[in-house]
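**Student:** There's a structure below that I have some questions on.
The values are calculated or read from the model by the stated rules, or taken from the named source; none is laboratory data. Because the structure is predicted, anything quoted here is derived from the model rather than measured. Cβ atoms come from the backbone with ideal geometry, glycine included; neighbour counts cover every protein chain shown. Keep in mind that these areas ignore ligands, DNA and RNA; they rest on the heavy atoms of the full protein, side chains included. Shrake-Rupley method; radii C 1.70, N 1.55, O 1.52, S 1.80 Å.
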Amino acid sequence: DTGVSQNPRHKITKRGQNVTFRCDPISEHNRLYWYRQTLGQGPEFLTYFQNEAQLEKSRLLSDRFSAERPKGSFSTLEIQRTEQGDSAMYLCASSSRVNHYEQYFGPGTRLTVT
Amino acid sequence: GENVEQHPSTLSVQEGDSAVIKCTYSDSASNYFPWYKQELGKRPQLIIDIRSNVGEKKDQRIAVTLNKTAKHFSLHITETQPEDSAVYFCAASIMPPQFYFGTGTSLTVIP
(Lines give C-alpha, C1' and ligand atoms only; values in the text may rest on other atoms or scores of the structure.)
Protein backbone atom coordinates (compact mmCIF):
# COMPACT_ATOMS: atom_id res chain seq x y z
CA ASP A 1 0.00 0.00 0.00
CA THR A 2 1.61 3.25 -1.10
CA GLY A 3 -0.87 5.53 0.65
CA VAL A 4 -0.56 7.42 3.91
CA SER A 5 -0.09 5.10 6.87
CA GLN A 6 -0.61 5.72 10.57
CA ASN A 7 0.35 3.78 13.66
CA PRO A 8 -1.06 2.66 15.93
CA ARG A 9 -4.59 2.37 14.59
CA HIS A 10 -6.08 2.30 18.07
CA LYS A 11 -4.76 3.54 21.38
CA ILE A 12 -6.39 3.28 24.79
CA THR A 13 -4.72 5.20 27.57
CA LYS A 14 -5.46 6.40 31.03
CA ARG A 15 -5.95 10.06 31.79
CA GLY A 16 -2.67 11.77 32.52
CA GLN A 17 -0.54 9.47 30.39
CA ASN A 18 1.45 10.60 27.36
CA VAL A 19 0.79 9.12 23.92
CA THR A 20 2.61 9.37 20.61
CA PHE A 21 1.26 8.67 17.13
CA ARG A 22 3.19 8.21 13.92
CA CYS A 23 2.30 9.16 10.35
CA ASP A 24 4.12 8.08 7.21
CA PRO A 25 3.06 10.20 4.23
CA ILE A 26 3.10 9.25 0.57
CA SER A 27 6.79 9.17 -0.24
CA GLU A 28 7.02 12.06 -2.70
CA HIS A 29 4.71 14.35 -0.73
CA ASN A 30 6.42 17.29 0.96
CA ARG A 31 3.44 18.56 2.97
CA LEU A 32 1.99 16.72 5.94
CA TYR A 33 -1.09 17.64 7.95
CA TRP A 34 -2.63 16.57 11.24
CA TYR A 35 -6.37 16.71 11.88
CA ARG A 36 -8.63 15.67 14.73
CA GLN A 37 -12.06 14.21 14.09
CA THR A 38 -14.68 13.63 16.77
CA LEU A 39 -17.84 11.59 16.32
CA GLY A 40 -20.32 13.23 14.00
CA GLN A 41 -17.96 16.03 13.03
CA GLY A 42 -15.71 16.79 10.13
CA PRO A 43 -11.94 16.78 10.55
CA GLU A 44 -10.49 19.84 12.31
CA PHE A 45 -7.11 21.15 11.24
CA LEU A 46 -4.37 20.96 13.90
CA THR A 47 -1.05 21.67 12.21
CA TYR A 48 0.99 21.17 9.07
CA PHE A 49 4.56 20.73 7.89
CA GLN A 50 6.30 21.62 4.71
CA ASN A 51 9.28 19.30 4.63
CA GLU A 52 10.63 19.45 8.20
CA ALA A 53 9.31 22.92 9.01
CA GLN A 54 6.11 23.26 11.04
CA LEU A 55 4.48 26.24 9.35
CA GLU A 56 1.11 26.59 10.99
CA LYS A 57 -0.67 25.53 14.16
CA SER A 58 -4.36 25.77 14.98
CA ARG A 59 -5.66 27.30 18.18
CA LEU A 60 -6.92 23.77 18.89
CA LEU A 61 -3.34 22.64 19.40
CA SER A 62 -2.83 23.28 23.11
CA ASP A 63 0.53 23.29 24.84
CA ARG A 64 0.06 19.61 25.63
CA PHE A 65 0.28 18.77 21.94
CA SER A 66 3.53 18.71 20.01
CA ALA A 67 4.28 17.53 16.50
CA GLU A 68 7.56 16.88 14.77
CA ARG A 69 8.78 15.91 11.34
CA PRO A 70 12.53 15.75 11.93
CA LYS A 71 13.74 14.59 8.52
CA GLY A 72 10.87 15.77 6.39
CA SER A 73 9.51 12.25 6.03
CA PHE A 74 7.42 10.68 8.82
CA SER A 75 5.84 12.77 11.54
CA THR A 76 4.91 12.19 15.17
CA LEU A 77 2.15 13.77 17.20
CA GLU A 78 2.56 13.62 20.97
CA ILE A 79 -0.11 14.42 23.53
CA GLN A 80 1.09 14.93 27.07
CA ARG A 81 -1.04 14.52 30.18
CA THR A 82 -3.99 13.22 28.18
CA GLU A 83 -7.51 14.30 29.11
CA GLN A 84 -10.80 12.60 28.32
CA GLY A 85 -11.58 15.41 25.90
CA ASP A 86 -8.60 14.29 23.80
CA SER A 87 -10.51 11.15 22.80
CA ALA A 88 -10.92 11.38 19.04
CA MET A 89 -9.68 10.08 15.73
CA TYR A 90 -6.37 11.68 14.77
CA LEU A 91 -5.96 11.84 11.03
CA CYS A 92 -2.84 12.54 9.04
CA ALA A 93 -2.84 13.70 5.44
CA SER A 94 -0.21 14.59 2.88
CA SER A 95 -0.01 16.49 -0.38
CA SER A 96 2.55 16.92 -3.10
CA ARG A 97 4.51 19.97 -4.20
CA VAL A 98 2.88 19.65 -7.62
CA ASN A 99 -0.67 19.92 -6.27
CA HIS A 100 -0.81 20.86 -2.62
CA TYR A 101 -4.56 21.32 -2.77
CA GLU A 102 -5.23 17.59 -2.94
CA GLN A 103 -4.79 16.08 0.50
CA TYR A 104 -4.67 12.30 0.87
CA PHE A 105 -5.67 10.99 4.26
CA GLY A 106 -4.37 8.11 6.31
CA PRO A 107 -6.65 5.65 8.14
CA GLY A 108 -6.31 7.52 11.42
CA THR A 109 -5.41 6.65 14.99
CA ARG A 110 -8.39 6.31 17.31
CA LEU A 111 -7.49 7.52 20.79
CA THR A 112 -9.60 6.62 23.79
CA VAL A 113 -8.71 8.24 27.10
CA THR A 114 -10.26 6.49 30.10
CA GLY B 1 -12.17 32.11 10.43
CA GLU B 2 -14.19 30.27 7.82
CA ASN B 3 -17.46 28.59 8.83
CA VAL B 4 -18.85 25.78 6.69
CA GLU B 5 -22.38 24.51 7.14
CA GLN B 6 -23.57 21.29 5.53
CA HIS B 7 -27.10 19.99 4.95
CA PRO B 8 -28.75 17.61 5.32
CA SER B 9 -27.06 15.66 8.09
CA THR B 10 -28.70 12.43 6.92
CA LEU B 11 -30.09 11.52 3.53
CA SER B 12 -31.79 8.34 2.33
CA VAL B 13 -32.50 7.71 -1.35
CA GLN B 14 -33.69 4.78 -3.40
CA GLU B 15 -31.12 3.15 -5.61
CA GLY B 16 -31.06 4.88 -8.98
CA ASP B 17 -32.31 8.20 -7.63
CA SER B 18 -30.20 11.34 -7.33
CA ALA B 19 -28.73 12.75 -4.13
CA VAL B 20 -27.85 16.37 -3.47
CA ILE B 21 -25.81 17.68 -0.55
CA LYS B 22 -25.39 21.40 0.04
CA CYS B 23 -22.77 23.44 1.81
CA THR B 24 -22.49 27.13 2.56
CA TYR B 25 -19.36 29.01 3.54
CA SER B 26 -18.81 32.36 5.15
CA ASP B 27 -15.53 33.74 3.83
CA SER B 28 -15.71 35.05 0.29
CA ALA B 29 -11.93 34.59 0.03
CA SER B 30 -12.29 30.79 0.01
CA ASN B 31 -11.11 29.50 -3.33
CA TYR B 32 -10.97 25.72 -3.15
CA PHE B 33 -13.82 23.33 -2.33
CA PRO B 34 -13.17 19.59 -2.06
CA TRP B 35 -15.62 16.81 -1.27
CA TYR B 36 -14.56 13.74 0.68
CA LYS B 37 -16.27 10.39 1.06
CA GLN B 38 -15.71 8.46 4.27
CA GLU B 39 -16.96 4.91 4.62
CA LEU B 40 -17.41 3.50 8.09
CA GLY B 41 -14.06 2.95 9.75
CA LYS B 42 -12.11 4.10 6.71
CA ARG B 43 -10.12 7.16 5.73
CA PRO B 44 -11.70 10.19 4.02
CA GLN B 45 -11.17 9.97 0.27
CA LEU B 46 -11.22 12.90 -2.13
CA ILE B 47 -13.95 12.33 -4.71
CA ILE B 48 -14.17 15.67 -6.48
CA ASP B 49 -13.08 19.25 -6.02
CA ILE B 50 -13.72 22.63 -7.56
CA ARG B 51 -11.85 25.91 -7.60
CA SER B 52 -13.41 29.33 -7.40
CA ASN B 53 -12.80 30.16 -11.05
CA VAL B 54 -15.09 27.31 -12.16
CA GLY B 55 -18.87 27.07 -11.75
CA GLU B 56 -19.36 23.36 -12.29
CA LYS B 57 -17.30 20.21 -12.55
CA LYS B 58 -18.43 16.70 -13.41
CA ASP B 59 -16.84 13.29 -13.09
CA GLN B 60 -19.05 10.44 -14.27
CA ARG B 61 -21.99 10.24 -11.83
CA ILE B 62 -20.65 12.95 -9.53
CA ALA B 63 -20.85 16.69 -10.08
CA VAL B 64 -20.14 19.76 -7.99
CA THR B 65 -21.58 23.22 -8.54
CA LEU B 66 -20.34 26.46 -7.02
CA ASN B 67 -22.22 29.73 -6.60
CA LYS B 68 -19.67 32.30 -5.40
CA THR B 69 -22.21 35.08 -5.10
CA ALA B 70 -24.39 33.09 -2.74
CA LYS B 71 -21.37 31.37 -1.17
CA HIS B 72 -22.69 27.87 -1.53
CA PHE B 73 -21.65 24.71 -3.32
CA SER B 74 -23.36 21.39 -3.84
CA LEU B 75 -22.52 17.77 -4.54
CA HIS B 76 -24.78 15.92 -6.94
CA ILE B 77 -24.71 12.15 -7.26
CA THR B 78 -26.84 10.66 -10.03
CA GLU B 79 -27.96 7.05 -10.48
CA THR B 80 -27.04 6.25 -6.90
CA GLN B 81 -25.80 2.78 -6.02
CA PRO B 82 -25.57 1.01 -2.65
CA GLU B 83 -21.79 1.50 -2.66
CA ASP B 84 -22.38 5.25 -2.59
CA SER B 85 -23.57 4.84 1.01
CA ALA B 86 -21.09 6.70 3.22
CA VAL B 87 -20.56 9.98 5.04
CA TYR B 88 -19.76 12.88 2.73
CA PHE B 89 -17.84 15.94 3.91
CA CYS B 90 -17.50 19.23 2.14
CA ALA B 91 -14.67 21.62 2.88
CA ALA B 92 -13.59 25.14 2.02
CA SER B 93 -10.11 26.53 1.89
CA ILE B 94 -9.02 30.15 1.84
CA MET B 95 -5.54 28.99 1.14
CA PRO B 96 -3.98 25.61 1.68
CA PRO B 97 -3.36 24.00 4.00
CA GLN B 98 -6.26 24.97 6.19
CA PHE B 99 -9.39 23.13 5.20
CA TYR B 100 -12.59 23.94 7.06
CA PHE B 101 -14.86 20.91 6.95
CA GLY B 102 -18.61 20.67 7.22
CA THR B 103 -20.21 18.36 9.75
CA GLY B 104 -20.92 15.61 7.23
CA THR B 105 -23.91 14.02 5.53
CA SER B 106 -24.66 10.37 6.09
CA LEU B 107 -26.01 9.04 2.78
CA THR B 108 -27.87 5.74 2.67
CA VAL B 109 -28.80 4.25 -0.68
CA ILE B 110 -31.63 1.78 -0.30
CA PRO B 111 -31.47 -1.15 -2.75
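**Student:** Between segment B:29-79 and segment A:74-114, what's the alpha-carbon centroid distance in Å?
**Tutor:** Cα centroid of segment B:29-79 versus Cα centroid of segment A:74-114: 23 Å apart.
**Student:** For chain B, set up a GNM with springs between Cα atoms under 10 Å and report which of B:G41, B:G55, B:G16 has the largest fluctuation.
**Tutor:** Greatest mean-square fluctuation among the candidates belongs to B:G41.
**Student:** Still on this structure, please answer the following. Just tell me how shielded A:104-111 is by partners: mean number of partner chain Cβ atoms within 10 Å of each residue's Cβ, no decimals. Walk me through the numbers on the way to the answer.
**Tutor:** Numbers: counts 4, 7, 2, 4, 5, 0, 1, 0.
Per residue, the number of nearby Cβ atoms from other chains is 3 on average.
**Student:** Separate question: So which lysines pass the test for B:K57, namely a Cα distance under 21 Å, with those fewer than 8 places away in the same chain ruled out?
**Tutor:** In chain and number order, the partners are B:K22, B:K37, B:K68, B:K71.
**Student:** Given a cut-off of under 8 Å on Cα pairs at least six residues apart, what relative contact order in percent is computed for chain A? Spell out each step's value before the answer.
**Tutor:** Details: 292 pairs, mean separation 42.2, N = 114.
That works out to 37 percent.
**Student:** What nm distance separates the two modelled labels at A:Q41 and B:I110, each placed 7 Å from Cα along Cα→Cβ?
**Tutor:** 3.2
**Student:** Okay, next question. How much accessible area does A:V98 have with a 1.4 Å probe, in Å² rounded to the nearest 10?
**Tutor:** It works out to around 140 Å².
**Student:** Can you compute the charge dipole magnitude of segment B:22-61 about its Cα centre, using +1 on each Lys and Arg Cβ and -1 on each Asp and Glu Cβ, nothing else charged? Give it in debye, rounded to the nearest 20. Walk me through the numbers on the way to the answer.
**Tutor:** On the way: 8 positive and 5 negative charges, 38 e Å.
In total the dipole reaches around 180 debye.
**Student:** Relative contact order for chain B: what is it in percent, counting Cα pairs under 8 Å that are at least 6 residues apart? Kindly include the intermediate steps, with their values, before the conclusion.
**Tutor:** Numbers: 283 pairs, mean separation 41.2, N = 111.
It rounds to 37 percent for chain B.
**Student:** Next up: What size of dipole, in debye to the nearest 20, comes out for chain A about its Cα centre when the only charges are +1 on Lys and Arg C-beta atoms and -1 on Asp and Glu C-beta atoms? All intermediate terms of the calculation are to be shown ahead of the outcome.
**Tutor:** Details: 15 positive and 12 negative charges, 70 e Å.
Dipole magnitude for chain A comes out near 340 debye.
**Student:** Under the rule a/c < 1.5 gives rounded, and otherwise a/b versus b/c splits prolate from oblate, where does segment B:18-79 land using the Cα gyration tensor?
**Tutor:** Note, shape of segment B:18-79 comes out prolate.
**Student:** Would you kindly find the accessible area of B:T69, with a 1.4 Å probe and non-protein molecules such as ligands, DNA and RNA excluded, rounding to the nearest 10 Å²?
**Tutor:** For B:T69, the solvent-accessible surface is approximately 130 Å².
**Student:** Among rounded, prolate and oblate, which fits the protein assembly as shown when a ≥ b ≥ c are the square roots of the eigenvalues of its C-alpha gyration tensor, a/c under 1.5 means rounded, and a/b larger than b/c means prolate?
**Tutor:** Numbers: a/c = 1.84, a/b = 1.49, b/c = 1.23.
Note, shape of the protein assembly as shown comes out prolate.
**Student:** Further question on the same structure: Out of B:K42, B:K57, B:K68, any idea which swings most in a Gaussian network model of chain B, alpha carbons joined below 10 Å?
**Tutor:** Of the options given, B:K42 has the highest mean-square fluctuation.
**Student:** Over chain A, how many percent of alpha carbon pairs lie in each 10 Å bin up to the one with the longest distance?
**Tutor:** Percent of Cα pairs in each bin: 15, 50, 29, 5, 0.
**Student:** With every protein chain left in place and a probe of 1.4 Å, what is the accessible surface of B:I62, to the nearest 10 Å²?
**Tutor:** B:I62 exposes around 40 Å² with every protein chain in place.
**Student:** If you don't mind, another one. Show me, for segment A:103-114, the HN-Hα J-couplings you get by feeding each phi into the Karplus relation (A = 6.51, B = -1.76, C = 1.60, θ = phi - 60°), rounded to Hz, glycine and proline as x.
**Tutor:** Ordered by residue, 3J(HN,Hα) equals 9, 10, 8, x, x, x, 10, 8, 9, 10, 9, 9 Hz.
**Student:** Hey, another quick one. Check the straight Cα-Cα distances from A:K71 and name the lysines below 22 Å, setting aside those fewer than 8 residues away within the same chain.
**Tutor:** A:K57
**Student:** Can I ask one more? State, to one decimal in nm, how far the label point of A:N51 lies from the label point of A:T112, with both points 7 Å from Cα in the Cβ direction.
**Tutor:** Each label point is offset 7 Å from its Cα along the Cβ direction, giving 4.2 nm.
**Student:** With a 10 Å cut-off between alpha carbons and a GNM built on chain A, which of A:N99, A:N18, A:N30 moves the most?
**Tutor:** Its mean-square fluctuation being the largest, the pick is A:N99.
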